[in-house]
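Colleague: The following block contains the structure, expressed as structure tokens.
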Amino acid sequence: MPQKNIKVKVLRFDPASEERPHYQTYEVPLTEGMTVLDVLDYIYENIDGSLAYYDHAACRHGICGGCTLVVNGKTCLACQTPVYEDIIIEPPSKFKRIRDLVYLRK
């Protein structure tokens, strides 16, 4: 069976060098049981090491909330949210963004 690839759009922004956020699209091979955090890990490790996100959130069990993101318009925990198809990943809008998917939590 051929490998299924998905398109992952990530809202990127580096305030040190950019005026406004933009989407960047990546193609990621989908594997069974993959979560949003696994997708981000794949992008960082294999495609774009400049992507900023809370890698390997402290618990990976859906308890700490460190990996909270907005995926396809819904707030979720990246470590617990399974991926089956193309996705759009953004940081929660109510927090101050530091860079890409990293934001200041208060």
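The values are calculated or read from the model by the stated rules, or taken from the named source; none is laboratory data. As the structure is a computational prediction, the values presented were derived from the model and not from experiment. Heads up, the Cβs are rebuilt from the backbone with ideal geometry, glycines too, and the neighbour counts pull from every protein chain shown.
Colleague: If we scan the stretch 23-37, do we find a residue that is part of a loop (DSSP other than H, G, I, E, B), at pLDDT below 95 and buried (at least 17 other Cβ atoms within 10 Å of the Cβ)?
Modeller: No, there is no match, as no residue in the stretch 23-37 is part of a loop (DSSP other than H, G, I, E, B), at pLDDT below 95 and buried (at least 17 other Cβ atoms within 10 Å of the Cβ).
Colleague: Considering each residue of the stretch 4-60, count those that are touching a Lys or Arg at 6+ places or on another chain (Cβ under 9 Å), farther than 13 Å from Leu101 by Cα and among the aromatic types (Phe, Trp, Tyr), and give that number.
Modeller: The number of residues fulfilling the criteria is 1.
Colleague: Right, next: If you go through the stretch 83-106 one residue at a time, how many are under 18 Å from Val39 (Cβ atoms), in a strand (DSSP E or B) and hydrophobic (A, V, I, L, M, F, W, C)? Lay out the reasoning, then the answer.
Modeller: Taking the stretch 83-106 first, the residues under 18 Å from Val39 (Cβ atoms) are 83-92, 100-102.
Next cut, in a strand (DSSP E or B) only: 87-90, 102.
The next check asks that each one be hydrophobic (A, V, I, L, M, F, W, C); those that pass are 87-89, 102.
Looking only at that region, the number is 4.
Colleague: Which condition number does Asp100 fail, the rest of (1) at positive phi; (2) surrounded by fewer than 15 Cβ atoms within 10 Å (Cβ to Cβ) being met?
Modeller: Only one criterion in (1) at positive phi; (2) surrounded by fewer than 15 Cβ atoms within 10 Å (Cβ to Cβ) is unmet by Asp100, namely (2).
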